[in-house]
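I have placed the structure first, in the form of structure tokens, so that the comments after it can refer back to it.
The values are calculated or read from the model by the stated rules, or taken from the named source; none is laboratory data. In this text, all values refer to a predicted model and were calculated from it rather than measured experimentally. Ideal geometry is used to build each Cβ from the backbone, glycine not excepted, and the neighbour counts take in all protein chains shown.
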Amino acid sequence: MSETATPAVEGWFTTGAEPALIGTKCQSCGTISFPRETTFCKNPSCSGEEFADTELSRRGTVWSYTDAQYQPPPPYIPSSDPYVPFALAAVELPEGLVILGQVADGYGVDDLKVGNTVELVVEPLYTDETGVRTTWRWKPVAAAVQESQS
Ligand SMILES: [Zn+2]
């Protein structure tokens, strides 16, 4: 049991070979939200209160990126002390959402360019008494293609 990898935050993404973020879709107007919505629809002109889980697209385009000089808000959990800056990407999905995430291990701002395609991957974030805890990250697709060809 100590060797199982589990999400650092429950219910935010699926795991497996093709992980995907889990959002919700308003049953009244179809607005998609991430993180999942459980109370009121984000659409101000909709009074929908019923939502169904939906998996978001695994690929999106880089909308913005930065070196994180400050510790991000939850569900980020610091894996090092003192804090070490890393690359963060804001990625626009076909659903119209912009999802912030760390860039995959081994990549930095030099690998990112606005408009480039990135793909969701799930990587270890830290290890606690239950084993490895994972989170989602954005991986530049050009690099992913190169790896699968080698
Ligand atoms: Zn709605």
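Every residue in the stretch 40-62 that is crowded, with 16+ Cβ neighbours inside 10 Å, more than 9 Å from the ligand (Cβ to nearest atom) and either among the aromatic types (Phe, Trp, Tyr) or over 14 Å from the mean Cα position of the chain (by Cα) (or both), please. Hit for the stretch 40-62 is Thr54, nothing else. Condition check for Leu120 on (1) modelled with pLDDT under 95; (2) surrounded by 19 or more Cβ atoms within 10 Å (Cβ to Cβ): one failure, at (1). Residues that are under 11 Å from Pro140 (Cα atoms) and among the small types (Gly, Ala, Ser) were ranked within the stretch 84-111; the one that is surrounded by the fewest Cβ atoms within 10 Å (Cβ to Cβ) is Gly106. Among the residues of the stretch 35-53, the one identified as among the acidic types (Asp, Glu) and not in a loop (DSSP other than H, G, I, E, B) is Asp53.
A count restricted to the stretch 1-34 and to residues that are more than 16 Å from the ligand (Cβ to nearest atom), in a loop (DSSP other than H, G, I, E, B) and not small (Gly, Ala, Ser) stands at 10. Name the residues in the stretch 81-135 that are farther than 18 Å from Thr14 by Cα, small (Gly, Ala, Ser), touching a Ser or Thr at 6+ places or on another chain (Cβ under 6 Å) and not in a loop (DSSP other than H, G, I, E, B), would you? Of everything in the stretch 81-135, just one residue is farther than 18 Å from Thr14 by Cα, small (Gly, Ala, Ser), touching a Ser or Thr at 6+ places or on another chain (Cβ under 6 Å) and not in a loop (DSSP other than H, G, I, E, B), namely Ala90. Across the stretch 1-32, the qualifying residues are those that are of a type outside the set (Asp, Glu) and free of Cβ contacts under 8 Å to residues at least 24 places away in the same chain, and the one among them that is surrounded by the most Cβ atoms within 10 Å (Cβ to Cβ) is Thr31.
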